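Trainee: If you scroll down you'll find the structure; I have some questions about it.
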Amino acid sequence: MTIGLGSLLLITRAYESVSQTPPNNLEEINNLEEILTPNTKVEKIAEGFEFTEGPLWHPDGFLLFSDIPANTIYKWQPEGKTEVFRQPSGNANGNALDSLGRLITAEHGNRRLSLTEKDGQIVTLVSHYQGKRLNSPNDLTVKSDGSIYFTDPPFGIKSEQEELGFYGVYRLAPDGTLTLLVDDFVRPNGIVLSPDETQLYVNDSQKGEIRVFDVKPDGMLENERQFAQLKPGTQKGAADGMKVDIKGNVYSTGAGGVWIFSPNGELLGIIETQEPPANLAWGDSDYQTLYITARNSIYRIRLQIQGM
C-alpha cells in the first residue's frame, strides 16, 4: 500500500512478537533476558515508503529518517504525524547529530557529508578525497571530540561514476582534515563507536562480518580484527546499520532482523522483523526504545537497556 506524503498510516497495534530464535542454519540462541522483557512486541508505527534508512532521534522529541529513493528526509512525531522534513535530500542515507545538535547527513545523490546549520543552511562538510569524488557516503558516527567516522561504499552510484577505485572508511577531523583509515572493505556499511569511544565497529554488507578497531588517542585506528560473523539464513537482510547500548552490546541489522552481540562478539539473539531491516536508532526520552527502519516501514520496540 502506498500512502500520500500527508497521510502516512500509523499502525497502533502490536505487529509481531519478538523472536529470540535466529535464522535457519544457526543453533538456537536465547540470551536476551537482560535486554527484552517476556512477550515484548515489535510495533509498526508508519508505512508506505520506498526504502527507509538513517533513523535518528532528535532531543526535541521526534524521529528523523531517510527514504533514499524518494529523495526525502521525513519527520515522525509520537502522536503519529509524519511529514516531510527535507526534500530533496540528496538521496540522504545515514544521519547523526554533532555535539551542538546540528544534523549531519550522508548523501548518496550529492556524494557528500552535509551539515545543517541551526538557521537551516546546508553546507558541504566533505565531498572529495585527494581531488576525487567520494563514492556515496553511507553511514556515520560522531565522536565526542567532533570527529566524524563514515563509510563510503558504491551503493548510490553506477560503476562508471566511480573515481576512487576503492570503498573506504574515513575520519573527518574537526579542522576539516579527511583521513582514509581503511580501504580493503568490499562493501563497508554500518559504523559505530563503543560507549567509551575506544573501539570502532564497521560491518561489511557483502562479507557479512563486523570488524572492530582500537581507536588511538589521535583518532587513528589500530589492531584490526573480526568481531563477529553474521551467517546467512533463509530470511532476507544484510549487515547494515549498527548501534550500541550502554553496556557495549552491539546491534546490527542482518538476515531476519536485528542481531545483538555481547561486547566480546557472542551472539545473544535476534529481534525478528517482518521486513528486512536497514538501520536502527535509540529514541524516546530515556533512549530505551529501538527504532528500526525496514524497507517500506518504520518499527519500534521497547527494551530494558538504554542505548547510546
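Trainee: Taking the chain as a Gaussian network, where each spring joins two C-alpha atoms under 10 Å apart, which residue of D284, D240, D184 fluctuates the most?
Mentor: D184
Trainee: To the nearest 10 Å², what's H128's accessible area with a 1.4 Å probe?
Mentor: 90
Trainee: For the range 229-308, state which trypsin sites (Lys or Arg not before Pro) are in a DSSP loop and have at most 15 other beta carbons lying within 10 Å of their beta carbon.
Mentor: K236, K247
Trainee: For K75, K207, give the ranking by accessible area with the largest first, probe 1.4 Å.
Mentor: K207, K75
Trainee: Let me ask something else. Per residue, how much accessible area does the chain have with a 1.4 Å probe, in Å²?
Mentor: Result: 41 Å² per residue.
Trainee: Please work out the FRET efficiency for the pair D98 and E266, using the Cβ-Cβ distance as r and a Förster radius of 41 Å; give the result to the nearest 0.05.
Mentor: Once the sixth-power term is evaluated, E becomes 0.80.
Trainee: Could you give the length gained on full extension between D175 and E117, defined as 0.36 nm per residue of separation minus the Cα-Cα distance, in nm? Mind showing how you got there, number by number?
Mentor: Working: separation 58, 0.36 × 58 = 20.88 nm, distance 1.67 nm.
Extra length from D175 to E117 when fully extended: 19.2 nm.
Trainee: Probe 1.4 Å, all protein chains in place: accessible area of T37 in Å², nearest 10?
Mentor: Spelled out: T37, probe radius 1.4 Å, area about 60 Å².
Trainee: From largest accessible area down, sort T198, T293; use a 1.4 Å probe on the protein chains.
Mentor: Most to least solvent-accessible, the answer reads T198, T293.
Trainee: With labels modelled as points extended 7 Å from the Cα through the Cβ direction, what inter-label distance (nm, one decimal) is found for D286 paired with D218?
Mentor: With each label placed 7 Å out from Cα toward Cβ, I get 4.4 nm.
Trainee: Separate question: With a 1.4 Å probe and every protein chain kept in, tell me what percent of the accessible surface of the chain is carbon plus sulfur.
Mentor: 45
Trainee: About its Cα centre, how strong a charge dipole does the chain have in debye, to the nearest 20, once Lys and Arg get +1 and Asp and Glu get -1 at the Cβ?
Mentor: The dipole of the chain has a size of about 540 debye.
Trainee: Okay, next question. With every protein chain present, what accessible area does S297 have (1.4 Å probe, heavy atoms only), rounded to the nearest 10 Å²?
Mentor: Probe radius 1.4 Å; accessible area of S297 about 0 Å².
Trainee: Projected onto the charge dipole of the chain (+1 at Lys/Arg Cβ, -1 at Asp/Glu Cβ, origin at the Cα centre), which of S147, I298, P88 gives the Cα projection farthest towards the positive end?
Mentor: Checking the options against the dipole of the chain, the answer is P88.
Trainee: What is the local net charge at H128, summed over the other residues whose Cβ is closer than 12 Å to its Cβ (Lys, Arg +1; Asp, Glu -1)?
Mentor: In short, +2.
The values are calculated or read from the model by the stated rules, or taken from the named source; none is laboratory data. Fair warning: this is a prediction, and the values are worked out from it, not measured in the lab. Virtual Cβ from ideal backbone geometry, glycine too; neighbours counted across all protein chains shown. Ligands, DNA and RNA are excluded from the accessible area calculation, which covers all protein heavy atoms including side chains. Shrake-Rupley method; radii C 1.70, N 1.55, O 1.52, S 1.80 Å.
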